[in-house]
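The values are calculated or read from the model by the stated rules, or taken from the named source; none is laboratory data. Model, not experiment: these values are computed from the prediction. Ideal geometry is used to build each Cβ from the backbone, glycine not excepted, and the neighbour counts take in all protein chains shown. Just so you know, the surface numbers come from the protein's heavy atoms only, side chains and all, with ligands and any DNA or RNA stripped out. Shrake-Rupley method; radii C 1.70, N 1.55, O 1.52, S 1.80 Å.
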Amino acid sequence: MRYFRLLVAGNAISAYGSYLNMVALNVFVYDVTHSALAAGVFMAVRLVSGVASGFVSGRLVSTFDRKRLMVGADVCQGTALVVLLLAPDGARVALLYGLALVTGCCSTLSQVALRSSVPEIVGAEHRTRANGLLVTGRSIAMIAGFASAGVVVAGLGYTFAFTLDALTFAVSATVLLLLPIRTRAAASGPAGGESAEGGAEPAGGTRLLVRAVGPVLLAMIAVRAVDGLGSSSHNVALPVYSSMLDPAHPATFVSQFWATWAIGNLVTQQVLTVLTRRSGRTPGERAFALGACVMSACFILVFCSLPTLAAIAVALVAGGADGFTEVVYVSRLQTAPDEQRGRLFGLSASAENGGFGLGMLVSGALMESFTPLTVVAWLHGVAIVLCLALLGWLVVRGRRQVPRELPADGAERLPRTAAPEGSGR
């Protein structure tokens, strides 16, 4: 885990730069073009490229060395920023859309490669703890990036912000290059006898993957896609709701919410790590479905004009449930065989990005006619219905299959065979 902690630190540094630039670039596009449409197209290119990249990333991660792919993704994003910085003013508009394309594709590729590699880097028995560290690092980076974006851009300018982001990618790539980690199972390799480091694409396409992974994992991926739909709604609605609460200080509630959300997320990661280590059990699919229900319900409650203390408590629970479901979800997908894992996470990335992108469009349109509470309740309500359906199906399915490896409470345990813990079945 010592090497993995260094990887987490490098990943968090890169994530900080990405979140900082998420704000800086969106504002920069508008300043350069003076067009809200151009800013919207920039965001759309970034989202669409991320969705499309999921399927391609799954193939790349299943065929080539994952560590090199992650390094390459960081180098490409950093290089694209440097090109933008050095370009003359007249060429920057066109380059901005190229940067959106590179960022969307490379960020998805890096995420798919990293998630697929975790069980091989730390061992299957430590994957839940490792995923918790990754979520913790990214949560801290998100809060720091969003919180400092305004200060950095206003006080130091776009050039400094873009340069800082390019440097964070350089740090992440350097850390990855120096770490002696293995990102693929020793006996794993593409079908047809090629080595694990590349040469041939694994046998079977997405259709065969869908048949191989089974209905439970597909249902969980569907839930994550709908969760993305709900997440986009509260991201769109929070600034509007915050302005309604305090028109003189429209950023106050948003800042307080995300800070509290982050605390809940961080605390939950620590508690989950301790409980997993002591019990030897990893929460399973039922825990994922229940956690997703709690998360969506809390995000709806946030917009119900609660008293301050109640709003803080709800935000804490929302952050905790958000982090919990992500760790459980990623850990469950990581139980898939190494030769399937890359494509599985590629499919997941496309589903999550697609749900979030669609939700941004739907939420933006609905906010023109309805209140923030109504919009968030509708979209997160869809997620709750799907989660309850999944939970009910898992309970019925579990009763029909008892006795099996999975205990009655739905949690994963170390199986009696030599297979990795947390088979989820």
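Identify all residues within the stretch 300-323 that are open to solvent by less than 20 Å² (accessible area, probe 1.4 Å) and among the charged types (D, E, K, R); write none if there are none. Result: no residue meets the conditions.
Scanning the stretch 120-142 for residues that are more than 16 Å from residue 11 (Cβ to Cβ), open to solvent by 50 Å² or more (accessible area, probe 1.4 Å) and not charged (D, E, K, R) returns a single hit, 126. When 99, 85, 81 are checked against the criterion of being surrounded by 17 or more Cβ atoms within 10 Å (Cβ to Cβ) and more than 22 Å from the chain's Cα centre (by Cα), a single residue qualifies: 81. Within the stretch 136-147, residues that are more than 14 Å from residue 24 (Cα to Cα) sit with their Cβ atoms under 6 Å from residues that are among the β-branched types (Val, Ile, Thr) and open to solvent by 10 Å² or more (accessible area, probe 1.4 Å), at 6+ positions apart or across chains, in these pairs: 137/8. Could you say whether any residue in the stretch 280-302 is over 22 Å from the mean Cα position of the chain (by Cα) and within 15 Å of residue 130 (Cα to Cα)? Yes, that holds for at least one residue. Taking the stretch 373-414, which residues are surrounded by fewer than 15 Cβ atoms within 10 Å (Cβ to Cβ) and at pLDDT below 75? Residues satisfying the conditions are 401, 402, 403, 404, 407, 408, 409.
The conditions of being in a helix (DSSP H, G or I), open to solvent by less than 60 Å² (accessible area, probe 1.4 Å), over 16 Å from residue 331 (Cβ atoms) and at pLDDT 90 or above are not met by residue 117.
Find the helices (runs of 4 or more DSSP H) located wholly in the stretch 1-107 whose residues include 3 or more that are at pLDDT below 85 and more than 26 Å from residue 137 (Cα to Cα), and list them.
On the way: elements: 2-33, 36-63, 66-86.
Fully inside the stretch 1-107 and qualifying: 2-33, 36-63.
Listed here are the residues, each with its yes/no results for (1) in a helix (DSSP H, G or I); (2) crowded, with 20+ Cβ neighbours inside 10 Å; (3) among the hydrophobic types (A, V, I, L, M, F, W, C); (4) at pLDDT 90 or above.
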position: 325; (1), (2), (3), (4): yes, yes, no, yes
position: 328; (1), (2), (3), (4): yes, yes, yes, yes
position: 331; (1), (2), (3), (4): yes, yes, no, yes
position: 340; (1), (2), (3), (4): yes, yes, no, no
position: 345; (1), (2), (3), (4): yes, yes, yes, yes
position: 350; (1), (2), (3), (4): yes, yes, no, yes
position: 360; (1), (2), (3), (4): yes, yes, yes, no
position: 364; (1), (2), (3), (4): yes, no, no, no
position: 368; (1), (2), (3), (4): no, no, no, no
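Within the stretch 227-249, restricting attention to residues that are among the polar types (S, T, N, Q) and either within 15 Å of the chain's Cα centre (by Cα) or crowded, with 22+ Cβ neighbours inside 10 Å (or both), the residue that is nearest to residue 367 (Cα to Cα) is 233.
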